[in-house]
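First up is the structure itself, then whatever we jot down about it.
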Amino acid sequence: MRIKWYGHAAFGLFPGDGPKTITDPYTPETVGYAPISDPADLVIISSADDDAHCRADLIAGDPQVVNALEVADGGGTLETLGISISAIEVCEWEYHPDHAVPGRNGMYRFTLDGINCAHMGDVGNRLSDEQEEFFTDVDILFALAGGHLTIDLPDLMEMIHRMRPKLVIPMHFRTLAYQPRNTLWIESFLMNFREDDIEFVCSSEVDVSRGQIPDRTRVLVMDYVR
């Protein structure tokens, strides 16, 4: 499966067998990243009311759109295009400057090319036991690594140490394109890992197969699409 990081919480997942999938597409003018030009069969959004996470209307290819929050509200599982998507409800940071009431959204997971993938949506608070256990047996975790406006790093690391995802791909951290005040650069997240458990791809694209999934937690740092 080819993985492509567009920036923020948006990834393209292009399997050898299964729907071409894009997660949490953004409004380019809002987050500073380039427009997403790839078409998709499936777009999964963590909510429908956050233009940094929900712009499925900007994705070409007339994709099927799945709102993870609706999946969470509707029983927690949805079958579409030959894959099963599971979701659990979470909330934004309770002190979010743009919302008087923290917005609800969904964390979600699915399997492509035999790889169990999980996306943290836009969660802003420490996870409950149930929310942590949602990440049981995850191969690839798309993790909110920037702190401010999302989950604090100590709370994120508590989940990672407990649930032990095999490959952690950080997202939603400060970059030269996305620079909100107080959001952390990637170094703050990486300080929680051994140096030999961190790999820098130096590209916005990487191929990952089931056989390449490590047997312990490792971090794969990607560049964003320029």
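The values are calculated or read from the model by the stated rules, or taken from the named source; none is laboratory data. Quick caveat: nothing in here was measured; it's all calculated off a predicted structure. Heads up, the Cβs are rebuilt from the backbone with ideal geometry, glycines too, and the neighbour counts pull from every protein chain shown. Note: areas computed on protein heavy atoms with side chains; ligands, DNA, RNA excluded. Shrake-Rupley method; radii C 1.70, N 1.55, O 1.52, S 1.80 Å.
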Check: For the chain, what is the charge dipole size about the Cα centre, in debye to the nearest 20, if Lys and Arg each add +1 at the Cβ and Asp and Glu each add -1 at the Cβ?
Finding: 520 debye
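For the range 55-140, with only Lys/Arg (+1) and Asp/Glu (-1) charged at the beta-carbon, what is the dipole magnitude about the Cα centre, in debye rounded to 20? Before the final figure, lay out each step's value.
Working: 4 positive and 17 negative charges, 32 e Å.
The calculation lands at about 160 debye.
Per residue, what accessible area does the chain have, given a 1.4 Å probe and all protein chains present, in Å²? It would help to have the intermediate numbers written out before the result.
Numbers: 9960 Å² over 226 residues.
Here the residues of the chain average 44 Å² of exposed surface.
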Notebook entry, point to check: Given the C-alpha centroids of the range 148-195 and the range 7-62, what is the distance between them in whole angstrom?
Noted result: 21 Å
Note to self: Per DSSP helix of 4 or more residues, -39500 (n - 2.57); summed, then divided by the residues of the chain. What does that give at 222 nm, rounded to the nearest 500?
What the structure shows: -3000 deg cm²/dmol
Notebook entry, point to check: Of S46, L176, I151, whose Cα points farthest to the positive end of the dipole of the chain (charges on the beta-carbon: +1 Lys, Arg; -1 Asp, Glu; origin at the Cα centre)?
Noted result: L176
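Please report the carbon-and-sulfur percent of the accessible area for the range 26-166; probe 1.4 Å, protein heavy atoms only, DNA, RNA and ligands left out.
Details: 2730 of 5940 Å².
Summing carbon and sulfur atoms, their accessible area is 46 percent of the total for the range 26-166.
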